[in-house]
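Undergrad: Got a structure for you, questions after.
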Amino acid sequence: MPRAVYVLALGIFAMVTSEFVVAGLMPQMADGLDATISEIGYLITAFAAAMALGGPFLTVAVLRLRQKTALMLLFGIFLAGNVLAALAPDYRTMLVARVLTGIASQAFFGVSISLASRITRPEVRGRAVAVALNGLMLGTLLGLPFATVVGEHLGWRAAFWAITVLTVLAAAATLAGVPGGTGGESEENGTLRQELSAFRNPRLWLVLTTSTFVIGATFSAFSYLNPILTELTGFATGTVPLLLIAYGAATVIGNTVVGRLADRRAVPVLVVGLALNLAFLVGFALLAQLSVPAVVFMLGIGLVGVTMNPALVTRVQRTGNARSLVNTVHSSFITLGIIIATSVGGPAIDTFGLRAPLWIGAGLAALGLLSLLPDLLRGRATAAGRTRPTGAETAGTAGETADDVPQPV
């Protein structure tokens, strides 16, 4: 695996840590900015909305740049936003800072995943994407606890300064460890018209929607794990951070496993992952009051939830392409799943109680399975056609398997 892929993971880790930092420091930031807890919560929504809506436009703006140059520019924008957050004198300034960092983060994810795919051999691209996305998993496992501890002991502004230092280190590593280009500019990025042409494929939109359902199902549970584990299951407040670390460790394991399977088995992996996630979410909703089953189901969601990302990315790239804009729009659909989960889950809790987000997650997982049916039916029909002795096998590409058929266009 090229060293540059691990460097890209470091950049993603820095940005994910910044994304999560507000969630761990809400009371301190509310006091420091003379705001309410709900207003601080809107900073999370603003970051996510900026990612989903603004990221693709910033990606379009950097299309003509070599991908390494684009990454450095995005580091600069993100760094400016993060410094603004650390210095923010009031809530409005902080809101601007979160929007700025959210837009830069989304574009960075898209360019990073595209570059990770381009500098590795086609047969190991899923594994390369998984390595890069370990930055996301480690952000959950290490980044959030790290930023929270720094903020609690040194103040919330210190947490943003720590992320600033981490960003500078990631940028320096990218400058030194990422190749200047995999070829000419025309090979790295197409024109805007070429980038947009992928979206004329109706199937790509269905594939993107699957990603929204997968991530939405997972974040319906993850976003409310703290109150569920304390108020329903009965764990002490001090125990929850340890459980969240265990959850983060499960995501790292699951991401590694899925990355090794995604290249050849993307659709089957998604079917199995969504089916298991559906079972875990339903089990959690039914038995959340029991400590042992609750922990088992929580860890199960960690193993097969957000860890589906490498398979999702592989499927999207085979349906569209591996360029920056497709990857960024895909990230926007993933972020849309988070927005749906958090915006629907809160009101549902007020009406139906803390089990409601788990049932919402189960419903989204079921919709995700339904969205895979066209690929499954297409794969079955193609496999059946190959069993006929009419020379059908000569129509396929060399080395193709039934599992691969649904993914390429």
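Undergrad: Give me the pairs: first residue in the range 159-175 and open to solvent by less than 20 Å² (accessible area, probe 1.4 Å), second residue hydrophobic (A, V, I, L, M, F, W, C) and not in a helix (DSSP H, G or I), beta-carbon distance under 7 Å, and six or more apart or on different chains, which are they?
TA: Close Cβ pairs satisfying both conditions: A159/L25.
Quick grid of which residues meet (1) of a type in the set (A, V, I, L, M); (2) modelled with pLDDT of 90 or more:
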{"site": "F280", "(1), (2)": "no, yes"}
{"site": "L286", "(1), (2)": "yes, yes"}
{"site": "V304", "(1), (2)": "yes, yes"}
{"site": "T335", "(1), (2)": "no, no"}
{"site": "T342", "(1), (2)": "no, no"}
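Undergrad: Have a look at T164, T148 and point out the one that is at pLDDT 90 or above, out of contact with any Lys or Arg (no Cβ under 8 Å at 6 or more places or on another chain), under 23 Å from L33 (Cα atoms) and of a type in the set (S, T, N, Q).
TA: T164
Undergrad: Which residues, counting only those in the range 234-250, are of a type in the set (S, T, Y) and either surrounded by fewer than 19 Cβ atoms within 10 Å (Cβ to Cβ) or out of contact with any helix residue (DSSP H, G or I) (no Cβ under 8 Å at 6 or more places or on another chain) (or both)?
TA: T237, T239
Undergrad: Has the range 343-354 got at least one residue that is within 14 Å of I228 (Cα to Cα) and in contact with an Asp or Glu (Cβ under 9 Å, 6 or more places away or on another chain)?
TA: Yes: the range 343-354 contains one or more residues that are within 14 Å of I228 (Cα to Cα) and in contact with an Asp or Glu (Cβ under 9 Å, 6 or more places away or on another chain).
Undergrad: To continue, here is another question. Considering only residues that are crowded, with 20+ Cβ neighbours inside 10 Å and of a type in the set (F, W, Y), which ones fall in the range 37-50?
TA: Within the range 37-50, just F47 meets the criteria.
Undergrad: Moving on. What's the number of the condition M1 fails, among (1) in a helix (DSSP H, G or I); (2) closer than 19 Å to A116 by Cβ?
TA: (1)
Undergrad: Of all residues in the range 272-303, how many are outside any helix (DSSP H, G or I) and surrounded by 17 or more Cβ atoms within 10 Å (Cβ to Cβ)?
TA: The qualifying residues number 1.
Undergrad: When the range 316-334 is examined, which residues are found to be among the polar types (S, T, N, Q) and either under 17 Å from Y224 (Cα atoms) or not in a helix (DSSP H, G or I) (or both)?
TA: Matches in the range 316-334: N321 only.
Undergrad: Consider A217 carefully, then state whether it is more than 20 Å from V326 (Cβ to Cβ) and modelled with pLDDT of 90 or more.
TA: Yes, satisfied.
Undergrad: Another one. Which one of D34, D90 is on the phi > 0 side of the Ramachandran plot, modelled with pLDDT of 85 or more and open to solvent by 10 Å² or more (accessible area, probe 1.4 Å)?
TA: None of the others qualify; the one that does is D34.
Undergrad: Here's something else I'd like to know. Looking only at the range 196-233, which residues are closer than 15 Å to F297 by Cβ and loosely packed, with under 14 Cβ neighbours inside 10 Å?
TA: Within the range 196-233, no residue meets the criteria.
Undergrad: Taking the condition among the hydrophobic types (A, V, I, L, M, F, W, C), open to solvent by less than 10 Å² (accessible area, probe 1.4 Å) and farther than 30 Å from A130 by Cβ, does A97 pass?
TA: When the stated conditions are applied, A97 passes them.
Undergrad: Quick one: how many residues across the range 51-82 are open to solvent by 10 Å² or more (accessible area, probe 1.4 Å) and touching a Ser or Thr at 6+ places or on another chain (Cβ under 6 Å)?
TA: 3
The values are calculated or read from the model by the stated rules, or taken from the named source; none is laboratory data. Treat the numbers as computed from the prediction; the structure is a model and nothing was measured. Glycine gets a Cβ as well: all are built from the backbone with ideal geometry, and neighbour counts include every protein chain shown. These area figures cover heavy atoms from the full protein model, side chains too; ligands, DNA and RNA do not enter into them. Shrake-Rupley method; radii C 1.70, N 1.55, O 1.52, S 1.80 Å.
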